1. In debye, nearest 20: dipole of the protein assembly as shown around its Cα centre with unit charges on the Cβ of K, R (+) and D, E (-)?
2. Along the charge dipole of chain B, pointing to its positive end and built from +1/-1 on Cβ of Lys, Arg, Asp and Glu, which listed residue (B:Ala498, B:Phe88, B:Thr339) has its Cα farthest out?
3. Which whole-number percent is the relative contact order of the range B:186-307 (Cα, under 8 Å, 6+ apart)?
4. Please list, short to long, the whole-number percent of alpha-carbon pairs of the range A:109-171 in consecutive 5 angstrom bins beginning at zero.
5. Share of the range B:39-208's accessible area from carbon and sulfur, percent, 1.4 Å?
6. Considering every Cα-Cα pair within the range A:14-130, what fraction, in whole percent, is farther apart than 16 Å?
7. If you wrap chain B's Cα atoms in a convex hull and average its projection over all directions, what's the area in nm²?
8. Which of B:Gln169, B:Phe44, B:Ser79 sits closest to the plus end of the dipole of the range B:39-208, meaning its Cα is farthest towards the positive end, when Lys and Arg get +1 and Asp and Glu get -1 on the C-beta?
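The values are calculated or read from the model by the stated rules, or taken from the named source; none is laboratory data. Computed from a prediction, not measured in an experiment: that's the story for all the values here. Every residue, glycine as well, gets a Cβ built from its backbone with ideal geometry; the counts of neighbours run over all protein chains shown. What goes into the accessible areas is simple: the full protein's heavy atoms, side chains included, and nothing from ligands, DNA or RNA. Shrake-Rupley method; radii C 1.70, N 1.55, O 1.52, S 1.80 Å.
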Amino acid sequence: MASFFRNTSLVYGAAIGLRVILLFHGAWQDAHSTVKYTDIDYMVFTDASRYVSRGDSPYARDTYRYTPLLAWMLLPTTWTIPGFFSFGKALFSLSDVIAGWLVAQSLVLTHKMSPERALKYASFWLLNPMVANISTRGSSEGLLGVLVIALLWAVLNRKVTLAGILLGLGVHFKIYPLIYGVSIIWWMDDTKTSTSSATREAKPKTKPTNPSTPVVSQILNFITPCRIRLTLVSLLTFAALNTAMYLRYGTPFLQHTYLHHLTRIDHRHNFSPYSTLLYLSAAADGAPASSSSRGGSGNFESLAFIPQMLLSIILLPVILGKKDLPGTMLAQTFAFVTFNKVCTSQYFLWYLIFLPFYLPTSSLLQKPRLGLLVALLWVIGQALWLQQGFYLEFLGASSFVPGLFLASLGFFAVNVWILGIIVSDIRGCSPV
Amino acid sequence: MRTRITYIQKPQAPFDPSQATLTPSALAIHNLDAAREERVTLGFDELPGELWQVLKQCHQIHVRWARREGYEAVSPFSSRVSPGLHVFFSPVAGVASGGATDGGAGGRVSSMESVCTLLKKVFDSRLGCENVEKSFITPPILSTRFASTAAYQFYELLPSLENLVTYLQQKHCERDNEECHRRAELILSADSIDINYDSVSHALTMSGYWSKSPTPEGWTETIQKYEGATGKVEVGLLGAEAANEPEEIKMGGLLADVGSDTELKPTLFSFPSRHHPLLDEAEYSVSFSPPTGLHPTMTISMAREALKEPPGGPEVACALHAYLTLPSSLFGDKYQLSTTDDLFLKSHNLVALRAVAGETDLEAPDWFVSRWGSSWLLELDTPLDSDQGSEDWNVTIPLHLRYLHPSASGYRSVSIPWPVVFWACTAEDGTKMGMNPFDRVNLGWEGLFGPRTMFYQLHPSPLNENNVLVEELKVPVLTVKENSGIFQSKVIELGTVAVIVLGFLWVLWKLALVVRSSGIRPQERQGTGKRDKAE
C-alpha cells in the first residue's frame, strides 16, 4: 500500500481512471436505462448553455441560479459532436483531480509532509468514490472545490494577487467562499512568511505583533500591504465580474444568482434544522390572516443568520485562523453548512475538500474509536433523515413531524458535536 | 330570445309519433328516450344590466362546465372537457395587449376584475378568481390570424351549478313564470353547460347538454312558443345516420318551429364536423398508482379498441392526445416532459409534450401560486399493432405535488380531474367546420390544433363506484394541531430555537476553551504532546 502512494503517476492515474470509467458508465447508463446517471442540475446547466449558444440569456432556463460563466464554460456541450455533451462532466472531473493535486501540494507546505504522505491524505479526495461520483454525474461542486483549494494554495504560496482573483471569482460563483476571505486576511500576517519557503513578498514590512502594543498601532499593524492587496484585488474581481454580467444579462442575473438566495423560502424538506420551522412560517405567511396557524409569535427564522455568520465569519476565523488556516476553513465551512437555513447533501462536498488537512492531526484518527463513532453517527444521522424523507416523498406518509423534524435536529446535534471536536483539535496543533 | 331544443335518439331507441304532438302554441314531448340539448340565445338588450356591463368589456368569453360524473356524449355532441368550470376570456381590443398595467388603463383594470366578480356572483362566491391577471393563465395561441383561442383561461373544479340556477331564477325569470324556473332548475341535472359571448355577434348563448332525462321514463315536457313576435323556438327530434364522407355527420328526423309550423317536418341533412365519436368500446380510465407520495404518476389506461386509428384517407394523419387540466397543487416538470430521450418517452408511452401553459414553477409551494394551475397537451404513443394483445394500453405521466398548507391530520386532499383523451386527425383541405349547426369550439384543447383538424373523442369509463371522473390524492403535509397534542406550531418553533441555541453555545464553549488555553495567536511548535495535555 505504501508503495502505491510513492508512485505519483499511479495515484493520479487511478484518480483519472476512476473518473473515466464513471463517465463511460454514466453515458452507457443514460443510453440504456430510464434511471439516469446524469444529475438533474447538469440538464439545467446544459439547457442554459443551449440558450447562450442561441444568443439568449442562460436565465431563460428556470432554476438556473448560477453565474453565466458556468453556462459559457459548458458551451462545448451544445456542439453537435458525439460525446461533447459530457464535456462539462469531464471538466468537473478534471477540476476534481487538479483540486486533489493542489491538496497534495498544499499539504507538503502546511504539514511539512513528505510528498508520499501528502498524496496519501490527498487521496481521501482524489480516490473518494463519492467525490468522483458527484462530478461525473455533472454537479458543478468539483469546480468550486478547485477554486477554493487553489485559493488556499495561492495564499500559502504568498501569491496574493492570484489569491485575490480566486477569492473574487469564488464569491462570484457561489457567495459562500466569502467566509474564507476573513480567515485568510486574519491569517496573513508576517509570521507566516517566515515559515513559508515559497515566493516571499518583495519587502517584509510588518513586525511580529507584541501583545502589549497599543490598540492604534495594533490596527495599523493589521493593515498590511498584503491584506490591502488581497482585499482590493478580490473586491475588484468580484465587482468586475458582476458588472460585466449585469451589463450583459441585466436584472435576471442579479435576481437568480444572488437575490434569489436572500428571498428564497426553503420550505421543502432538507437536512437543515430550520426546515420544519421554515415550512411552518412560509405557510403562515402565505395564508390569509384569518387562517394563520401561528398567531403573533416571533420570526425566529429571520434571525437564523446570526449564529451562522457569528461562527463562520467572526468567531472561528478570529480565534482559530492564525493557528491553522486550512483547519479553520474546514471549521468555517462546517459551521456554515450546519447552521444554514437549507442543507442538501452536495453541501457536504464543500467541507470534504478540507478533510485531508485536518485528518493528519485530528483526534479522529489518533483515537480510532472516536473517529469511528463520529463517522458512524454522521452516517446514521443522515440515514435516519433519509428514511423519513423516503416515507414522505415516495410512500406519501406525513413524516414531517416528528420524523423529519427530529431527524434534522438530531443530524444537527451530531454536526455540532463534530464541529466542537474540530475546534478543540485545531487549538492544539499549529501546522502552519 | 331564441331557443333551440334538440333531442338525439339512438337508432335502437323507440319512437312513436304520439310522443311528440305539435299544437299551434306548443310542442308536447312524452316519455322520450333521448339525449337533449337546449340552446338559448339572448340579445344584448335582453341581458340584465350587471351582465352587459361586464360583457361589453369582453372581446369574447366562453364558459364550459362538465359534471364530475361520467356521462355519454352522443354525436354530434361528442366533444368533452375535463370535469369542472372552464372559462376562456379575451378583453376587448385596445386593452388586450399588455403594457399599460398602471393607472392609465382604467377600463382594463375594471374589466380584469369585473370578470372575476361576475363569475363569483354567477357560479360560486368561493371561486379562486381574484382578477384576470392574477388568476387566469395565458394559453399558447397558435396563430393570431385564426385567433379563435381566447387570451386567458381559468379553471376550477366546480361540482355543482346550484348557484347558477339561483342566479338565473332571480335575475332572468319573472317571479311567477314557473316554466322559466323549471327550465333553470333543469340545469342541475345537465351533464355539461356552455356559455358563449363575443363582441361580433353581441349575443349571449347558453346551452346545456343532458345525456339522458333526469327521470327514468324519459323526457316529458311542453315547449311553449314565446309570447310576442320576437322569440323563436325550434325543436328537433333527430338521430344520427351513416354519413357519406369521413369528416361528415348526417342527421335525420323531425323539425318544428313552435308557434309557426303546423306539423313536424321530416329532415335529413349532413355537415362536416370537427368532433366525432368513436365506438362505445373506445374507453379510457385514469388512476394514480399508489403510493402516490410527493411524485404521483398519472396512468391513462386505454382499451385496445381506442387505439385503432380513426378512419380516413391515406393523406390523413392522426395522433392520439391527452389534454390535462391540473390544479396548482399538482404539476408536471416541463423540462422532464419535453425531453427527446426515447428511453424515457417509451417507458411512459409518450411521444412528446405539445403544449403547456400556466403555473409550471418547479419549486413554489401552493400558497405562492396565484393562478389556478396548468394545462398540458401531450401526444401519446400507440402500440405498433393495436390488434395484438387484449390487455389495456397504459400511458403514464410523471407529475409532482406542491407543498400544501399544514393541517391537523397531516394530510390534505386534492381533486384532480381526468384529462380528455382524443385522436386528432388532419381533415381534407377546404373542409369548413363552421357549417356545423352543432359545432363546438373554445374547449381549451381544440384551439391548440389547426382549424381543419378532426377530433375523435375517447369515452371516459370511471372505475370507482361513485362514477366520477375526478381522482382524489392524499397529500402529506406538516401536522399542526391548533390547540392540543405535542406538535403545535409553538413546539416546533421553540424546539428548533432551543436546539440551535444549545448547539451554538456548545461551539462557543469549545471556542472559549481554545481562547483560555492558547489565545488567538498561533501556537509555538512544541511537539505533538502539547495537545494531549490540553484535552
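1. About 7180 debye.
2. Highest projection toward the positive end goes to B:Ala498.
3. This gives 13 percent for the range B:186-307.
4. For the range A:109-171, the binned pair fractions read 4, 16, 19, 20, 19, 17, 5 percent.
5. Carbon-and-sulfur percentage of accessible area, whole number: 52.
6. That tail contains 66 percent of the Cα-Cα pairs.
7. 38.0
8. Projecting each Cα onto the dipole axis, the largest value belongs to B:Ser79.
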